[in-house]
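A quick write-up on the structure given underneath.
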Amino acid sequence: MKSAVETLNPTRVRLTVEVPFEELKPSLDAAYRKINQQVSVPGFRKGKIPARIIDQRFGRGAVLEEAVSEALPKFYNDAVTEGDIQPLGRPEVDITELRDNELLTFTAEVDIRPELTIPDFGGIEVTVDAVEVADEDVEEALGRLRDRFATTTAVERAAADGDVVKIDLQARVDGEIVPDGVAEGVTYVIGSGQMLDGLDEAVTGLEAGGEATFTSALKGGSAAGRDAEVTVSVETVSARELPELDDEFAQLASEFDTLDELRADSRRRLADDKKYQQATEAQEKVLDALLEQTEVPIPEKLLADEIETRKHNLEHHQLPQLGMDFDAYLKLQEKTAEEFDAELREQAEKGIRTQFVLDQIARSEELTVEQAELTEHLVRRAQASGMSPDQFAKAIVEGGQVPVLMDEVRRGKALAVVVESATVKDSNGEPVRLDDEEEDAQADETAEADATADAAETAAEAGAGESADKD
């Protein structure tokens with residue numbers, strides 16, 4: 001077999017393959033055996049029909065067609081290996097010549113991963129927020145902890161801000177009750193703003209047995225995004241009493257004996273959270289800077305497939321789980337279809353570019369994935385999906401997605417290499433040194449988030465670059 005590679009553009013090549021007929025003989029023999037098992041000829045036992053009889057009865061062309069169909073994948077894969085290319089997706093194959101007992105020639109056009117010129121990591125500089133915990137932040141955290149230990153007492157008065165009310169809700173759209181817009185016995189803290197816009201104002205001033213109607217855009221369900229006339233009925237009103245912020249509360253709400261110890265622990269936890277956010281911000285900004293400095297051509301078909309995959313996942317998997325259709329989603333997001341498509345394309349492009357860049361860095365740095373790293377990543381993914389590690393691992397193995405997970409880990413390690421080489425300073429001008437363990441743990445998540453882009457937030461799912469992983 002002889003093959004040649006012609007570069008059509010930075011992301012597409014044409015393979016021209018010539019196969020001497022003797023190399024086609026094993027497939028030709030297999031074709032005769034297959035046809036032998038499928039047809040019957042009077043005077044011959046099934047499976048014992050001579051080749052010349054098959055040629056006479058069914059035509060040599062049918063045999064050749066079967067043989068070529070069976071042989072093409074092998075010859076194509078051999079040409080890919082010989083040409084040292086990295087194909088993306090399925091090739092477009094055209095048989096240009098088939099001379100019986102002489103020669104088979106075919107061409108295969110296929111998208112490929114482009115060869116990229118990666119800039120010097122050390123030249124990347126980014127600025128991130130400084131880790132600063134204000135006294136107000138600590139008091140706010142303690143306030144949230146006090147809320148968890150608040151007690152309630154039923155009162156016979158009008159509901160006020162901070163009270164706990166038990167309410168019934170009924171939503172109507174165009175005068176009709178929304179099937180999934182009815183709720184009874186809902187406990188709600190006035191002023192929390194955690195349900196419908198306008199609810200706080202509607203229940204404030206109502207006593208038990210009181211009722212009010214207000215208009216609000218529904219946030220979920222079959223009528224999500226639509227304006228509804230909502231009727232709220234108050235069953236009970238209870239006053240909330242917060243515990244005193246003292247040593248006794250510290251002993252009740254924590255393992256600490258004093259309020260000072262609890263306050264110090266709250267400050268430490270807030271600082272840890274901000275360090276985590278700082279590390280994530282650093283990775284995101286370094287990745288953005290890397291992508292900005294790297295020219296990454298994208299195959300149009302790959303991009304189109306990725307966009308279609310993301311949109312399909314959103315419309316047919318995520319939105320139905322939320323009880324929402326696409327039109328309601330657009331209204332809730334306050335976007336037009338054109339704006340949605342533009343954002344979706346932008347996110348898909350970034351996802352594919354991220355994959356290409358990090359994959360090339362992983363290859364050049366010869367990064368490998370250890371079993372412990374894969375297991376750790378699998379556990380994090382399982383937690384994010386709400387599944388047990390065993391359930392998630394079983395689904396991954398059965399779906400043949402282990403290589404995808406390994407790619408995610410490898411890209412995370414590639415991003416960590418870049419971040420380590422970049423210059424990261426905080427908003428005060430101080431150098432930021434990311435802890436190696438924390439950096440490794442978060443690198444996977446950041447790379448994955450940028451490469452797969454959460455569809456519910458960016459109008460797509462699953463994994464950016466799902467299509468880019470398909471050969």
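Points worth noting:
- Residue in the range 63-79 that is of a type in the set (D, E) and modelled with pLDDT of 90 or more present: yes
- Test: residue in the range 83-102 that is among the small types (G, A, S), out of contact with any Ser or Thr (no Cβ under 8 Å at 6 or more places or on another chain) and not assigned by TED's automatic domain parsing to the domain that holds K274: no
- Residue in the range 365-373 that is under 25 Å from I112 (Cα atoms), among the charged types (D, E, K, R) and in a helix (DSSP H, G or I) present: no
- Test for L245: is it part of a loop (DSSP other than H, G, I, E, B), surrounded by 16 or more Cβ atoms within 10 Å (Cβ to Cβ) and not small (G, A, S): yes
- Among (1) under 27 Å from D111 (Cβ atoms); (2) loosely packed, with under 14 Cβ neighbours inside 10 Å, the one test that V68 misses: (2)
- All of V203, V186, V155, V164 fail the test of being farther than 29 Å from R268 by Cβ and either of a type in the set (S, T, N, Q) or touching a Leu at 6+ places or on another chain (Cβ under 9 Å) (or both), apart from V186.
- Flag if D137 is over 20 Å from D246 (Cβ atoms), surrounded by 13 or more Cβ atoms within 10 Å (Cβ to Cβ) and not assigned by TED's automatic domain parsing to the domain that holds A208: yes
- Within the range 140-168, the set of residues being surrounded by 14 or more Cβ atoms within 10 Å (Cβ to Cβ), of a type outside the set (G, A, S) and over 35 Å from the mean Cα position of the chain (by Cα) comprises R146, T152, V155, D163, V164, V165, K166, I167, D168.
- Annotation: P297 fulfils all but one of (1) assigned to a helix (DSSP H, G or I); (2) at pLDDT 90 or above; the unmet one is (1).
Conditions (1) touching a strand residue (DSSP E or B) at 6+ places or on another chain (Cβ under 6 Å); (2) free of Cβ contacts under 8 Å to residues at least 60 places away in the same chain, marked per residue:
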| residue | (1), (2) |
| --- | --- |
| E70 | no, yes |
| P73 | no, yes |
| Y76 | yes, no |
| G83 | yes, no |
| D94 | yes, yes |
| T107 | yes, no |
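- Residue in the range 217-224 that is among the aliphatic types (A, V, I, L, M), assigned to a strand (DSSP E or B) and in contact (Cβ under 8 Å) with a residue 24 or more places away in the chain present: yes
The values are calculated or read from the model by the stated rules, or taken from the named source; none is laboratory data. Just so it is clear, the model here is predicted, and its values are computed rather than measured. Counting neighbours? That spans all protein chains shown, and the Cβs are built from the backbone with ideal geometry, glycine included.
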